[in-house]
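Down below is the structure, laid out as structure tokens.
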Amino acid sequence: MCGIVCYCGNRKAVPVLMEGLRRLEYRGYDSAGFAVIDNTQGLVVEKKKGKVNALEQSSINKHYDASMGIAHTRWSTHGEPTTINAHPHKDCTGKICVIHNGIIENYSILKEELVKAGHHFISDTDTEVIAHLIEQYYKDDLELAVLMAVERLNGTFGLAVMHEDVKDSLIIVRRGSPVILGVGDGEMFAASDTNALSNYTNRMIYLQDDDIAIVKKDSYLIKNLRSEIQEREIHELNEIEADVDKAGFEHFMLKEIFEQPESIKNAFRGRLIQSEGVSKLGGLEPVMERLKKIRKIILISCGTSYYAGLFGRYIFEHLTDINIDVELASEFRYRKLKIDEDTAVLAISQSGETADTLAALKEAKRKGALILGIVNVVGSTIARITDAGVYNFAGPEIGVASTKIYTSQLVILTLIGVLIGRYQGLSYIEGASLVAALKKVPKQVEEILKTAPLIEKIAKKYSKFNDFLYIGRLYNYPTALEAALKLKEISYIHAEGYAAGEMKHGPISLIDKDFPTIAIAPDDLVLEKMLSNMQEIKARGGMILSVTNESAKDVIDMSDDNFIVPKTIDILQPILNIIPLQLFAYYVAKERGCDIDKPRNLAKSVTVE
Ligand code: AGP
């Protein structure tokens, strides 16, 4: 999922574009490029395979006298990560250039037609088709040519177009992929997310599907595909939403792990009413009457957010009388599920832009379900298309491997469970004890973070292994899945998360002295069962590193190494148990010299299906 950034103003465009690319790089880092209209040389394009730094190095001595430009950082979908396939792409005349985030599904048909019409293609990308299509329709009216080209495109796009002869304006189009306009004083910006712009302005306009914006330095016009003017609201970002620096940490991921006491507090700030043993979620109030009557909730999401959903199932089963399903969003839309107005579909997403989750939500909406969201990015598409929802208020998460958002999602799922549960069978006492336990969690996380040096020491010891099994039971089965994903994502080590009870039905065959097991075995109601599974591993010479509580002496004695975490109530223990495993993955990846914030082949927000 690529990142686009555009500028039109009085400043030198290249430094603004490069800063934007650096802030968008977590969206894709296969190649990067920019195009500006230089006052003497006209349209110039610079692009390079690899990270933004490579582009910076290759263009460092080129000073362009330009105050308007577009730039792109790429996550390859069509065509390998090469300089040729890097954006921007130009047409045959070399006067039109485009950058694009998304996928043109009918690009091969269009390309065939354009080749027949005499166009000459240079790259293997779907995007280059757009430049030639605009060229095909261009008769000195760029807006009209873009409109006609867009009519022919199937797929998703956050698109920016520039023409060498149109020196004062850019054309920006959105369908599916996120695009935000940034309103400055005498200057205008556009980008795939607010991070790229928040150091220049906090006034943001979220373009909607099929919006086409004509952007000049001191004005903008938003139209629909019938050229009718569209009014769009300007949103003012607050401090939390604008902060994107490492605050002295070596990596964003480590910073975000250490931000969890604060991000967990933010997740329940002003949302707990101890005296009534209940939670209060303003974002759900508009639909509360309908939510009280809901008989089924389907949680939909992807990746780490999916594992939060799996935890959510246990929470809702434990706290409410509602039927719960948890579905992978990328599978959901093809399922024949019974969905009606008594069903709520709750999407969980950090970015609020994940294409699979968006498509699943649209399917649920079509079937008349109440569609809700737990989202971190304010103003994102999922936040805007749902009937109601809850923001994480955790601030930007830049590290591609999600950490603070996972624990924040677990907290918010708990708040929703308490909210609904207290309208059903959940008693005041049960609600109040859960609220009390939740309030203690930030301090308990601080205690765990203090053990980071010990975790680093143990991680170094295990960093030589190439295979890991993570096991957990009940509430900690999702913890095992999420912890394994963290290690896979940033260290490229083969790691499998498994329900501990399943191990003897197959994966135990993998166990030997070179295949350590991470056992998530807190002192809870399934401890005895976990101990038997750990004995089965020890019996086969397997090493065990466990996450447990001081009181679980047998676990501590049986394990080769232990991460001791404070004890909370069983259902909230997964929020604490994941912390040392996030740090373990981080330190293993660091020991192996991996690019932790930008792991290979990944991107932070997956805006294509
Ligand atoms: C998690 O570390 C990954 N970045 C990825 O699995 C992510 O959770 C998934 O793409 C879902 O993203 P979302 O929460 O923004 O929808």
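Couple of notes before you dig in:
- Lys/Arg +1, Asp/Glu -1 at C-beta; region 542-592 dipole; positive extreme among SER559, LEU583, ASN549: LEU583
- For the chain: rounded, prolate or oblate by the Cα gyration tensor [a/c cutoff 1.5]: prolate
- Here the accessible area of the chain is 50 percent carbon and sulfur, with a 1.4 angstrom probe and all protein chains present.
- Region 161-172 - phi-based ³J(HN,Hα) in whole Hz, Karplus 6.51/-1.76/1.60, Gly and Pro as x: 10, 9, 10, 3, 8, 10, 7, 10, 8, 10, 10, 10
- Stretch gain in nm, segment GLU502-GLN208, where the contour uses 0.36 nm per residue and the Cα spacing is subtracted: 101.3 nm
- Anisotropy class of region 552-609 from Cα gyration tensor, a/c 1.5 cut: oblate
- Inter-probe distance in nm under a simple model that places probes 7 Å from Cα toward Cβ, at SER463 and ILE229: 6.0
- CD proxy at 222 nm, helix term only [per DSSP H run n ≥ 4: -39500 (n - 2.57); per residue of the chain; nearest 500]: -11000 deg cm²/dmol
- Amide H contacts for GLU397 (H built 1.01 Å from N in the peptide plane; partners 5 or more residues away or on another chain; cut-off under 5 Å): none found.
- Cα centroids of region 67-137 and region 297-314: 37 Å apart.
- Cβ-defined net charge surrounding ILE578, 12 Å radius [Lys, Arg +1; Asp, Glu -1]: +1
- When only the Cβ of Lys, Arg, Asp and Glu is charged (+1, +1, -1, -1), the dipole of region 47-165 relative to its Cα centre reaches about 500 debye.
- Its Cα centre serving as origin, the chain has a Cβ charge dipole (Lys and Arg +1, Asp and Glu -1) of approximately 660 debye.
- Efficiency of FRET from Cβ geometry, LYS362 and LYS62, R₀ 51 Å, rounded to 0.05: 0.70
- With the charge dipole of the chain set up from +1 on Lys and Arg Cβ and -1 on Asp and Glu Cβ about the Cα centre, the Cα lying farthest toward the positive end among the listed residues GLY79, GLN444, LEU284 is that of GLN444.
- Of all DSSP beta bridges in the chain, antiparallel share, percent nearest 5: 60
- Working note: Karplus 6.51/-1.76/1.60 with θ = phi - 60° gives region 492-506 the couplings 6, 8, 5, 9, 10, x, 9, 5, 4, x, 7, 3, 6, 8, x Hz, where Gly and Pro are set to x.
- Overall form of region 282-362 per C-alpha gyration tensor (a/c, 1.5; a/b vs b/c): rounded
- Of the residues VAL400, SER219, SER67, the one whose Cα sits farthest toward the positive end of the charge dipole of the chain, with +1 on the Cβ of Lys and Arg and -1 on the Cβ of Asp and Glu, is VAL400.
- Rounded to the nearest 20, the Cβ-based charge dipole of region 443-556 about its Cα centre (Lys and Arg +1, Asp and Glu -1) stands at 320 debye.
- 13 Å beta-carbon shell around ALA459, net charge (K/R +1, D/E -1): +4
- Helical segments meeting 27 Å axial Cα length and Kyte-Doolittle -0.5 threshold in the chain (DSSP H): 428-449, 573-591
- The amide H of VAL326, built 1.01 Å from its N in the peptide plane, has LEU299 as neighbours under 5 Å, considering only residues 5 or more places off or on other chains.
- The string of couplings for region 269-281 from the Karplus curve (6.51, -1.76, 1.60, θ = phi - 60°) is 4, x, 10, 10, 10, 4, 4, 10, x, 9, 10, 9, 10 Hz, one whole number per residue in order, with x for Gly and Pro.
The values are calculated or read from the model by the stated rules, or taken from the named source; none is laboratory data. The structure presented is a predicted model; accordingly, all values stated were derived computationally and were not measured. Positions of Cβ are backbone-derived with ideal geometry, glycine not excepted, and every protein chain shown enters the neighbour counts. Keep in mind that these areas ignore ligands, DNA and RNA; they rest on the heavy atoms of the full protein, side chains included. Shrake-Rupley method; radii C 1.70, N 1.55, O 1.52, S 1.80 Å.
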